[in-house]
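The block underneath contains the structure these notes are about, expressed in structure tokens.
Nothing in this text is a laboratory measurement; each read-out follows from the coordinates by a stated rule. All values reported here derive from a predicted model rather than from experimental measurement. Every residue, glycine as well, gets a Cβ built from its backbone with ideal geometry; the counts of neighbours run over all protein chains shown.
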4 protein chains.
Amino acid sequence: MTAPAPDAPLFHGVIPPVLSPFLDDSPRIDTETLARHADRLIRADVDALFVLGSSAETAFLSRENRRIVIETVREAAAGRVPITAGVIDMSTPLVLDHVRDALDAGAQGLVATAPFYVRTHPAEIAEHFRRIHRAAPELSLFAYNIPVSVHTVLDPAMLIELAREGTLRGIKDSGGNDGYLRTLIEMRAEAGLRPEEFSILTGSETTVDFAYLAGADGVVPGLGNVDPLSYVELHRLLREGRWAEGAELQRRINQLFRIVTVGSPARMGGSSAGLGSFKEALHHLGVFPSALMAPPHVALNEEEKAAIAEIVDAAQVREVPEVSEP
Amino acid sequence: MTAPAPDAPLFHGVIPPVLSPFLDDSPRIDTETLARHADRLIRADVDALFVLGSSAETAFLSRENRRIVIETVREAAAGRVPITAGVIDMSTPLVLDHVRDALDAGAQGLVATAPFYVRTHPAEIAEHFRRIHRAAPELSLFAYNIPVSVHTVLDPAMLIELAREGTLRGIKDSGGNDGYLRTLIEMRAEAGLRPEEFSILTGSETTVDFAYLAGADGVVPGLGNVDPLSYVELHRLLREGRWAEGAELQRRINQLFRIVTVGSPARMGGSSAGLGSFKEALHHLGVFPSALMAPPHVALNEEEKAAIAEIVDAAQVREVPEVSEP
Amino acid sequence: MTAPAPDAPLFHGVIPPVLSPFLDDSPRIDTETLARHADRLIRADVDALFVLGSSAETAFLSRENRRIVIETVREAAAGRVPITAGVIDMSTPLVLDHVRDALDAGAQGLVATAPFYVRTHPAEIAEHFRRIHRAAPELSLFAYNIPVSVHTVLDPAMLIELAREGTLRGIKDSGGNDGYLRTLIEMRAEAGLRPEEFSILTGSETTVDFAYLAGADGVVPGLGNVDPLSYVELHRLLREGRWAEGAELQRRINQLFRIVTVGSPARMGGSSAGLGSFKEALHHLGVFPSALMAPPHVALNEEEKAAIAEIVDAAQVREVPEVSEP
Amino acid sequence: MTAPAPDAPLFHGVIPPVLSPFLDDSPRIDTETLARHADRLIRADVDALFVLGSSAETAFLSRENRRIVIETVREAAAGRVPITAGVIDMSTPLVLDHVRDALDAGAQGLVATAPFYVRTHPAEIAEHFRRIHRAAPELSLFAYNIPVSVHTVLDPAMLIELAREGTLRGIKDSGGNDGYLRTLIEMRAEAGLRPEEFSILTGSETTVDFAYLAGADGVVPGLGNVDPLSYVELHRLLREGRWAEGAELQRRINQLFRIVTVGSPARMGGSSAGLGSFKEALHHLGVFPSALMAPPHVALNEEEKAAIAEIVDAAQVREVPEVSEP
């Protein structure tokens, strides 16, 4: 088994999955907006950036577009925060191509799902992660549990085994089942692994307080693209054990999260409604020049846009200061 | 709406989804074996070839590998049968890249699934097919219903609408539900569409007799890679209305299909067991020099290989004559 | 292991799952209509009657109501055809109560699903069938595969094992997957079991021709309540090997089956739309005085009733002669 | 719409779902043990008792057995705590029979699932709850969200509507998705409903701290049968806002919960492993004379029983004092 990479950067804290702004629907990456958006998140004091996640519309991006995204964000970050990159694709060979690209483009971490489209056995999933790690042992590899897209739930015992052998440095869990996250945390403790050895991140932006109460190490909040300051504050409150205040802030954040329910399910899928609302909110806040999504996403209509603007205004999203908070 | 392409080649009859032989597990395409295998299928008198389907391990192939497959088979075919190509990928932009590649490489048809990984609405799926057709209106576009991989069942009413407007020229149904196929055939008749306008193919190789009895136009049998002559004979019997003889032949074919159940579910997924058995059978028959699959597929062990050889021998698969049957 | 009961009546051919007409929504069984309806089916020359299946609204019937149904139909049948009774309930103890009731009420066969609501292992499902058989070894026990209700698919290997040991005398498959049925038929042959020892019935009324072509022994058609003569004729054609004529009749029958799609999915579930259409069709034909269903089923509205009447009229359902056909 | 019943007892706090001890596997209720067990729970200072839940093996109990359970526990409680009763069955008419029985037997609350086995529309599910409430308006009706058994997730908007109109007094959520519970709590606040009007209980015994942090009103812990004192203490800590201490206690409780994973999934289903471990733990603690379950449950073997005993011993489950804690 390959040795772990003890100096690979750790990923914990608030790590927004950076949205990808587009210039047209081919789609062409709006690198200028992307750089400004990444800078805004860093000034809000997030701990790291996760590019090419599901909410980055990575499933719509060519290899070239993916490289452009990593390079743009790495340059904008200029070393202020580490960057981890999703390598989402159907199978080991295709993921390995993305791994090489991410390495070339300067990412410091990788986030990989189980194979999809093809039907795989747990042993095949473990082999998949091992081959990815061997191809880039200097990068921190995180497993990405996202059953709504991959239609597989990653087995906790397998994850702990892969952590012990040094293949995995962490997991991003977007399974929506907080009991699963807690079980992982309890199994990590039993296995004698420390958080610095295996980082457990929640992708459920509406239950961050739960995850931290159980002992999670960070959060990857899609909504953090819209309101990064609130998630940074939430992280601080929860780290300080101010649980009731944290839960109260979480409740206020969840009011803003309602934007994802505005797009009509009679006309569009969950991805159009969710991503569309994030992009529209950023458009309304003046961060994105447009809310363009890749096809075949359906755009929100004027009425829906107005409803989103209303929710965003009611939430009084704080502006990120021009210089990073101390 | 774009006009139909009345002179686009029709796809019907026996259309094997051509397996992709590999030289190593990067994977590198074994073009020599692929060409010989395609020639063998054509000499067996199949009606067309479907490259880059699910059983071609397309989910494991880079754009370059996919182009190599199409070009190799097109050259081997030398115009004797038309070739249709799968353009399997997660989203419209990525599929459109494959469409351009397939057009360049000389395919005459396209087979596309609904988007996957992302959650889509039926209206988004329809838009997906329309954009594909507009990008290559001269190619016959088939929808590919394969819920086990895509986790979406294509709506029959949507398919018929897309057929009427000229977007789709057919469907390959691998849903495993013969009632679905029959409903489609009945809806086609009601819509006043002829088989030449919308071709309905079954991907269920063990119930071809059912599909033809209902009025299907052809079959895309993975097992046809191993025993093409039996499927060609089955097609002929069923076309001539010799149903009982067809059912009897189908029963014998299904004995051979048992090879897909040999690989142990305790060690491997359905894809390793299924594809692995097809490749091993071809290896045993001397058609493929190896049964190599792309990672993270698990290889069959010696005991399993022996069990497959035994089933293949018992089935007495007929050798394809050196010159095409009349 | 208990010995098989070689003289238990065989169930094969056309076996309609008899609908339960109601006088009110408590529900109270309309025994007079039920008896007349059973007689009508027998005069149409069906081979047996299946009472208390899913389409009998058995999930809405108390033990007393269930007994009334069996007794009413048994008396109406007066020995002309054998009667088999569903014993649908969540667990072994509750099913055993129904088994005793069915025995008392004079049923000659039993049809049982796997346990539901509770999560069970295949070994527990096998034990479930064994206990049922031991409680009434003189009755022919059929397994009922209906995943849409029970959320379990019965394992074919387990069924064959239960058949060999004499626990099961047959299966009614309502799984909607004709490949499953064919696999069972092929496994029966390999196990050296004859159709008289293990009877395989399809519950898919729109693909009877497929099932018979594969070697099935009979059909349990819900739509047979409405148009029994067509199913009896279909059975005869298929038994005589007149496959093309059979498929043509099946297509005409499937036109009538469209009634199940009339009820709006915006207002009601599949059960209300399906059962409601059968009961409304029988009401339109003058067989049932009303289309009353048990709560919380939603009734069809006037527009929907008219649409059903139109489909029924177009199908020209033949009237059952007053004396049984020769 | 029927008026709410403002004086119906409120159900909140720790409400164990009381297990049903058996004398044999018919099953016959061991009323003596049941009464002693109920008394033990009440002396541990729980807030109410929930009889005939899923973990009471209600799916295995006849109407008579169900009445015996309610009466036994009601007599044992002697008015010290209120008692709510599950009315689990497939459909409205059958549930209404159980409602009448529960009323007769002296229950003060009802807990009902959506219909199952039959496929129902949300409007039908709402009608189901309304009919139940109308049949016993003096009882507090709780909805029971348990998708693993019922295969339906109750729609939060429907639940809030039923709460506003006075049909529902609360929900027991065993969906395992804490985001769902939080959404319900947030929607309750927005609807202007107070906890006394609509009580939200979690059935997830390993994430009680999460649920309370979000604002839940109580917990229905199956494991509370084994260790009621820990849940009563957990409730107190969380009510006092001692979140970190609560989470720490929850972690210790979850060590005990590991007993549910001891039963081998190769031999038994989740119900046998889970319920079996609860009953075996109570046997080991001397509370139950046996761990007998209803058929077709599989019993734990000697090795598994030893493993459970070890976990129980390690957890140092505190003995419940002979007189109720102050």
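Annotation: segment C:135-294 has a Kirkwood hydrodynamic radius of 17.0 angstrom, from the mean reciprocal C-alpha pair distance.
With the convex hull of the Cα atoms taken as the outline of segment B:206-265, the averaged projected area works out to 4.2 nm². Using alpha carbons only, how many degrees (0 to 90, rounded to 10) separate the axis of helix D:122-135 from the longest principal axis of chain D? Roughly 90 degrees between the two axes. Looking at chain A, the pairs of alpha carbons with a distance over 27 Å make up 40% of the total. The value of relative contact order for chain B, using C-alpha pairs under 8 Å at least six residues apart, is 19 percent. Across identical copies of the chain, C:Gly106 has label-point separations of 4.4, 7.7, 8.8 nm, listed in ascending order, with the point defined 7 angstrom from Cα along Cα→Cβ. Look at the dipole of chain A built from charges on Cβ: of A:Val262, A:Leu181, A:Ile70, the Cα furthest out on the positive end belongs to A:Leu181. The convex hull defined by the C-alpha atoms of segment C:156-237 has an orientation-averaged projected area of 5.2 nm². Normalised by residue number, the volume inside the convex hull of the Cα atoms of segment D:88-207 is 101 Å³ per residue.
From Cα pairs below 8 angstrom and at least 6 apart in sequence, can you work out the relative contact order of segment A:75-149, rounded to a whole percent? In percent, rounded to a whole number, it is 34. Once divided by 2.2 N^0.38 Å, the Cα radius of gyration of segment D:1-87 becomes 1.12. Residues whose amide H falls under 5 Å from that of C:Ile29, counting only those 5 or more places apart or on a different chain, are C:Leu23, with hydrogens built in the peptide plane. Taken over the protein assembly as shown, the ratio of Cα radius of gyration to 2.2 N^0.38 Å equals 0.94.
Overall, the protein assembly as shown carries a charge dipole of about 0 debye about its Cα centre when +1 sits on the Cβ of Lys and Arg and -1 on the Cβ of Asp and Glu, all other atoms neutral. From the alpha carbon centroid of segment D:207-222 to that of segment A:307-321 is 31 Å. Looking at chain C, the DSSP beta bridges with both ends there are about 10 percent antiparallel. Percent of Cα pairs in segment D:273-326 per distance bin of 10 Å, from zero to the largest separation: 23, 49, 21, 7, 0.
Net charge dipole, segment A:287-326: roughly 140 debye, given to the nearest 20, about the Cα centre with Cβ charges of +1 for Lys and Arg and -1 for Asp and Glu.
Within segment A:36-51, name every residue whose backbone N is under 20 Å away from a label modeled 7 Å from Cα of A:Glu75 along the Cβ vector. Backbone N within reach: A:36-43, A:49-51.
Round to the nearest 0.05 the FRET efficiency obtained for B:Arg242 and B:Ala35 when R0 = 30 Å and r is the Cβ-Cβ distance. Computed FRET efficiency for B:Arg242 and B:Ala35: 0.30. Packing order of peptides B:58-69, A:281-292, highest average first: B:58-69, A:281-292 (average count of other Cβ atoms within 10 Å over each peptide's residues).
Can you give the charge dipole size of chain B about its Cα centre, rounded to the nearest 20 debye, using +1 on the beta carbon of Lys and Arg and -1 on the beta carbon of Asp and Glu? Here the size comes out at about 400 debye. DSSP assigns beta bridges within the protein assembly as shown; of those with both partners inside it, close to 10 percent run antiparallel. For segment A:196-326, the residue among A:Leu282, A:Leu201, A:Val232 whose Cα projects farthest onto the positive side of the dipole built from Cβ charges is A:Leu282. Whole-Hz Karplus values for segment B:28-42 come out as 9, 5, 8, 5, 5, 5, 4, 5, 5, 5, 4, 4, 4, 5, 5 Hz, taken residue by residue from phi with 6.51 cos²θ - 1.76 cosθ + 1.60 and θ = phi - 60°; glycine and proline positions read x. The angle separating the long axis of helix C:178-190 from the principal Cα axis of greatest extent in chain C is about 30 degrees. If you wrap the tightest convex hull around every Cα atom of segment B:235-324 and split its volume per residue, you get 122 Å³. Near C:Ala294, no amide H atom lies under 5 Å from its own; only residues 5 or more places off or on other chains count, and H is placed 1.01 Å from N. Restricting to bridges with both residues inside segment B:10-129, how much of the DSSP beta-bridge set is antiparallel, in percent to the nearest 5? Of the beta bridges lying entirely in segment B:10-129, close to 20 percent run antiparallel. Sorted from longest to shortest, the spans of the Cα atoms of segment D:83-147 along the three principal axes equal 32, 20, 17 Å. Distance from the C-alpha centroid of segment A:28-53 to that of segment B:109-176: 35 Å, rounded to the whole angstrom. Cross-link partners of C:Lys279 among aspartates and glutamates, defined as those whose alpha carbon lies under 16 angstrom from its own and excluding same-chain residues fewer than eight positions apart: C:Asp24, C:Asp25, C:Asp30, C:Glu32, C:Glu57, C:Asp227, C:Glu302, C:Glu303, C:Glu304, C:Glu310, C:Asp313. For B:Leu110, the residues whose modelled amide H falls within less than 5 Å of its own, excluding neighbours fewer than 5 places apart on the same chain, are B:Ala85, B:Ser140, B:Leu141, B:Phe142.
Residue by residue along D:119-128, Cβ atoms of other protein chains within 10 Å of the local Cβ number 6 on average.
With bins 5 Å wide beginning at 0, the percent of Cα pairs of segment B:22-152 falling in each bin runs 2, 11, 22, 22, 19, 14, 7, 3, 0.
Shielding value for A:185-193 is 1, the average number of Cβ atoms from other chains within 10 Å of each residue's Cβ.
Calculated [222 nm] ellipticity per residue, helices only, for chain B: -14000 deg cm²/dmol; basis is -39500 (n - 2.57) per DSSP H run with n ≥ 4, divided by all residues, nearest 500. The ranking of B:Val81, A:Val148, B:Val51, B:Val95 by Cβ neighbour count inside 10 Å, starting from the fewest, reads A:Val148, B:Val81, B:Val95, B:Val51. Legend: mean number of C-beta atoms from other chains within 10 angstrom of residue C-beta atoms, peptide D:248-254, equals 2. Neighbours of A:Met268, meaning other residues whose beta-carbon lies under 14 angstrom from its beta-carbon, give a summed charge of -1 when Lys and Arg score +1 and Asp and Glu score -1. Each peptide among A:265-277, C:258-270 gets the average number of other Cβ atoms lying within 10 Å of its residues, and from highest to lowest they stand as A:265-277, C:258-270.
Distance between the pseudo-spin-label points of D:Gln255 and C:Glu165 (7 Å out from Cα toward the beta carbon): 4.2 nm.
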